[in-house]
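K.L.:
Handing you a structure now.
The values are calculated or read from the model by the stated rules, or taken from the named source; none is laboratory data. This one's a predicted model, so the numbers in the text were calculated from it and none came from an experiment. Here the Cβ is made from the backbone with ideal geometry for all residues, glycine too, and neighbour counts use every protein chain on show.
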Amino acid sequence: MLVLLAALIIVYLRLDIGRARFTAIEKWVVSVPFSLYLGWITVATIANVTAVLSYLGWKGGGVSPVAWTVALLAVGVLLAAVNAYFRSDVAYLLVLVWAFAGISVRWLSHPVLSVAGFTAAGLVLVLLAASRLGMVRKSPKSPAARST
């Protein structure tokens, strides 16, 4: 999973997704699919790390499972903030919103986790809106500048 995540990050950065301008075909055939895939692998990596730690019998180092879940949601929001600031990649950010909303729905019976998930999803939506409104976004490169 980590190798796949690293490979996707390299491709994502080399294609300059979120900063470079793409033609409509490039956007829907290259940019959006790589953004979606990177978003899902980002979420899956966080989930898999927790699964491996659980499998190994790690008890959280004295921190409750609820606190660890909230901390991991915060890590996801931090990753979203970095993306919103440097890339403003709608597809990547919407994957995180979807994942956090899914966590919230899964844990509706646990109010703290449900609220934390919905809060994380809401924060990512705010970051997305702020980046799309130009509040934090760097100007994208033109197609000609991308090839240099």
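K.L.:
Run down Ala20, Ala6 and say which single residue is aliphatic (A, V, I, L, M) and either at pLDDT below 95 or over 18 Å from the mean Cα position of the chain (by Cα) (or both).
P.N.:
On the way: Ala6 fails: either at pLDDT below 95 or over 18 Å from the mean Cα position of the chain (by Cα) (or both).
Criteria check complete, one pass: Ala20.
K.L.:
Can you tell me which residue within the range 44-64, out of those that are in a helix (DSSP H, G or I) and hydrophobic (A, V, I, L, M, F, W, C), is farthest from Leu5 (Cα to Cα)? Give the steps one after another, and end with the answer.
P.N.:
The initial filter retains those residues of the range 44-64 that are in a helix (DSSP H, G or I), namely 44-55.
Next cut, hydrophobic (A, V, I, L, M, F, W, C) only: 44, 46-47, 49, 51-53.
On the way: Ala44: 9, Ile46: 11, Ala47: 13, Val49: 13, Ala51: 17, Val52: 16, Leu53: 18 Å.
Restricting to residues being in a helix (DSSP H, G or I) and hydrophobic (A, V, I, L, M, F, W, C), the top hit is Leu53.
K.L.:
Is it the case that the range 21-38 has a residue that's aliphatic (A, V, I, L, M) and touching a Leu at 6+ places or on another chain (Cβ under 7 Å)?
P.N.:
The first filter runs over the range 21-38 and keeps only residues aliphatic (A, V, I, L, M), leaving 24-25, 29-30, 32, 36, 38.
Within this subset, residues satisfying the condition of being touching a Leu at 6+ places or on another chain (Cβ under 7 Å) are 30, 38.
Scanning the range 21-38, I find at least one residue that is aliphatic (A, V, I, L, M) and touching a Leu at 6+ places or on another chain (Cβ under 7 Å), so the answer is yes.
K.L.:
In the range 86-131, which residues are crowded, with 22+ Cβ neighbours inside 10 Å, among the small types (Gly, Ala, Ser) and over 18 Å from Trp68 (Cα atoms)?
P.N.:
Hits for the range 86-131 are Ser88, Ser131.
K.L.:
Within the range 74-124, take every residue that is of a type in the set (Phe, Trp, Tyr) and touching a residue at least 60 places away in the same chain (Cβ under 8 Å) and give me the one that is farthest from Leu8 (Cα to Cα).
P.N.:
First pass over the range 74-124, keeping only residues of a type in the set (Phe, Trp, Tyr): 85-86, 92, 98, 100, 107, 118.
Checking the rest, the ones that are also touching a residue at least 60 places away in the same chain (Cβ under 8 Å) come to 86, 92.
Values: Phe86: 17, Tyr92: 12 Å.
Of everything passing the filter in the range 74-124, Phe86 is farthest from Leu8 (Cα to Cα).
K.L.:
Specify the residue that is farthest from the chain's Cα centre (by Cα); the eligible residues are those in the range 26-63 that are surrounded by 15 or more Cβ atoms within 10 Å (Cβ to Cβ), of a type in the set (Val, Ile, Thr) and farther than 19 Å from Ala74 by Cα.
P.N.:
Looking at residues that are surrounded by 15 or more Cβ atoms within 10 Å (Cβ to Cβ), of a type in the set (Val, Ile, Thr) and farther than 19 Å from Ala74 by Cα, I get Val30.
K.L.:
Can you name the number of the only condition in (1) at pLDDT below 95; (2) out of contact with any helix residue (DSSP H, G or I) (no Cβ under 6 Å at 6 or more places or on another chain) that Leu78 fails?
P.N.:
(1)
K.L.:
Using beta carbons and a limit of 9 Å, which pairs, at least six apart or on different chains, have the first residue in the range 1-23 and farther than 13 Å from Leu38 by Cα and the second one surrounded by fewer than 13 Cβ atoms within 10 Å (Cβ to Cβ) and polar (S, T, N, Q)?
P.N.:
Listed by first residue and then by second, the contacts come to Arg19/Ser139; Ala20/Ser142; Arg21/Ser142.
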